[in-house]
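First up is the structure itself, then whatever we jot down about it.
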Amino acid sequence: MTPIDMDASPQDGYLVGKKHAWFAFAMTFALMMFDYIDRQVIASLFPHIKAEWNLSDKELGGLVSIISIVVAIGSIPVALLADRLSRVKSVAVMATTWSLATISCMFAGSYAQLFAARAVVGAGEAGYGSVGAALISSLFPKRLRGALLGAFFAAASLGSVLGVLLGGMIAAKWGWKTAFGVVGVPGLVLALLYLLVRDYKTVALTPKLDRITQSAGGTIKHIFRTLARTRTLLWVCLGGAMQLVVVSAVWSWMPSFLNRFHGMAPHEASKQAALIILVSALGNVFWGYVVDRTGLRRARNKLTSLAVLCVITMVVFLLAFSATQSGAVQIKLILLGGFFMTCTLGAASGVVIDVIHPGVRSTGSAVLALFQNLLGLAIGPVLVGALSDKWGLQQAMQAVSVFSMLAAVFFVIAARCYDHDVRQVEGIHVDALPA
């Protein structure tokens, strides 16, 4: 098969044919959805777990943050193996691991046991978003990259919606532990079916790069050198992480917030929180498309647009969580903020793919995942929990919204480096594996 230059022009075609590419997207999307169902189901169970084990808000937040910490630690080595061996087989192993670990949570008899099981869920999920993003980016034309990655990462929002919604409903009928068993099974089925997905050929590296990435130490040194040389990658990673502090705080604590401040029963609070997360999923796809369009004339405008959207996120949430808002107005403002807050998920990943060598796209995406999980998703839930223990949950939610301003600053800096970094990786060929 003649190699296809995926980055050469807007007329590039599908690497494996449209049918195979869209099957790969559907499967990767579905697994991303169950990844976040398994991750976020616990948010709707907070009131039940807190009552049964008498936990602090900080301890509850830790049950969410531990997954992000483990994902951050494991994302780069897992993605590096996937890049050099097989992306499809790696995904099948990952999905099997996190699904079994989720099922094991239903047998936890103490906080420590549940915490350990959640850590294993994180070990299974490590690298999945990075590998999935690299696969989608390589199978589809570049002109669709931002929108497709926005849709792919919207699966995280959709999964969070379903996780919160299902968790509340199942806990109300059969107890909170049963929820883990119910949501864990579908991932096992999808893991087996994923072996039917077409992969792309491992892209040859330069001799120097191939030698460097043979060891963990060499890989770490290469990553830091890449961050120093590819400045866009560094600033986008920081910007994406800061925005995810806000996203993870809202996703994790909204059921508890509605339960405490609006007097909703846990299952009703889960339904309302699921609606807010659903709106954020729609915002992810919508803003991914809008950001792509702003970059048609001048590509760096994508980053400027992200900065503006992050500022809007902060302003809306500062208003939403102020003590002066009535209940109905507050919920409407939170819905509006939710629509804006996921603006960076797909767009940031697309920018990272733009500036990374195709041979290590999974690894480049894993660097983004490292920052997003360790400095974003891991911080939001536990930071809000710690602040809530001191100030109250509403004040804690208002305080973390300021992280969106930090995100905006980092995206503005990234825009200054983008054009130079894109030129460094233009014209590198990618080809498909045979069916």
Q: For Gly61, state whether it is surrounded by 24 or more Cβ atoms within 10 Å (Cβ to Cβ) and farther than 18 Å from Val197 by Cβ.
A: yes
Q. Within the set of pairs 6+ apart or on separate chains, which have a first residue in region 144-161 that is free of Cβ contacts under 8 Å to residues at least 24 places away in the same chain, a second that is surrounded by fewer than 24 Cβ atoms within 10 Å (Cβ to Cβ) and β-branched (Val, Ile, Thr), and C-beta atoms under 7 Å apart?
A. none
Q. Checking Met397 against (1) crowded, with 18+ Cβ neighbours inside 10 Å; (2) in contact with a helix residue (DSSP H, G or I) (Cβ under 6 Å, 6 or more places away or on another chain), which single condition isn't satisfied?
A. (2)
Q.
Residues that are crowded, with 24+ Cβ neighbours inside 10 Å and either closer than 30 Å to Ala269 by Cα or at pLDDT 90 or above (or both): does region 71-88 have at least one?
A. yes
Q | Subset of region 278-300 [closer than 16 Å to Ala147 by Cβ and polar (S, T, N, Q)] | A | Asn284, Thr294
Q) Given the structure, is Val245 in a helix (DSSP H, G or I) and modelled with pLDDT of 90 or more? A) yes
Q | region 56-85 residues that are charged (D, E, K, R), paired with ones that are surrounded by fewer than 23 Cβ atoms within 10 Å (Cβ to Cβ) and not in a helix (DSSP H, G or I) (beta carbon under 8 Å, 6 or more apart) | A | Asp83/Thr202; Arg84/Thr202; Arg84/Thr213
Q: Would you check which residues across region 350-368 are modelled with pLDDT under 80 and either of a type in the set (Val, Ile, Thr) or closer than 20 Å to Val250 by Cβ (or both) and list them?
A: Ile353, Ile356, Val360, Thr363, Val367
Q | Search result, residues across region 86-110 that are farther than 17 Å from Leu188 by Cα and in contact (Cβ under 8 Å) with a residue 60 or more places away in the chain | A | Ser86, Arg87, Phe107, Ala108
Q: Please determine, by comparing only the residues of region 287-299 that are surrounded by fewer than 19 Cβ atoms within 10 Å (Cβ to Cβ) and touching a residue at least 60 places away in the same chain (Cβ under 8 Å), which one is farthest from the chain's Cα centre (by Cα).
A: Ala299
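Residues checked against (1) assigned to a loop (DSSP other than H, G, I, E, B); (2) more than 23 Å from the chain's Cα centre (by Cα); (3) hydrophobic (A, V, I, L, M, F, W, C); (4) modelled with pLDDT under 85:
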site: Leu309; (1), (2), (3), (4): no, no, yes, no
site: Ile312; (1), (2), (3), (4): no, no, yes, no
site: Ala323; (1), (2), (3), (4): yes, yes, yes, yes
site: Gly337; (1), (2), (3), (4): no, no, no, no
site: Leu374; (1), (2), (3), (4): no, no, yes, no
Q: Report those helices (runs of 4 or more DSSP H) wholly inside region 95-199 carrying at least 2 residues which are surrounded by fewer than 24 Cβ atoms within 10 Å (Cβ to Cβ) and at pLDDT 90 or above.
A: 111-125, 145-174, 176-193
Q. Taking the stated definitions as given, is Leu258 modelled with pLDDT of 90 or more, within 30 Å of Glu59 (Cβ to Cβ) and touching an Asp or Glu at 6+ places or on another chain (Cβ under 9 Å)?
A. yes
Q. Which condition number in (1) among the aliphatic types (A, V, I, L, M); (2) more than 19 Å from Leu336 (Cβ to Cβ); (3) in a helix (DSSP H, G or I); (4) at pLDDT below 90 is the one that Ile277 fails?
A. (2)
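The values are calculated or read from the model by the stated rules, or taken from the named source; none is laboratory data. Source: prediction; values computed, not measured. Methodologically, a virtual Cβ is constructed for each residue, glycine included, from the backbone with ideal geometry; neighbour enumeration extends over all protein chains shown.
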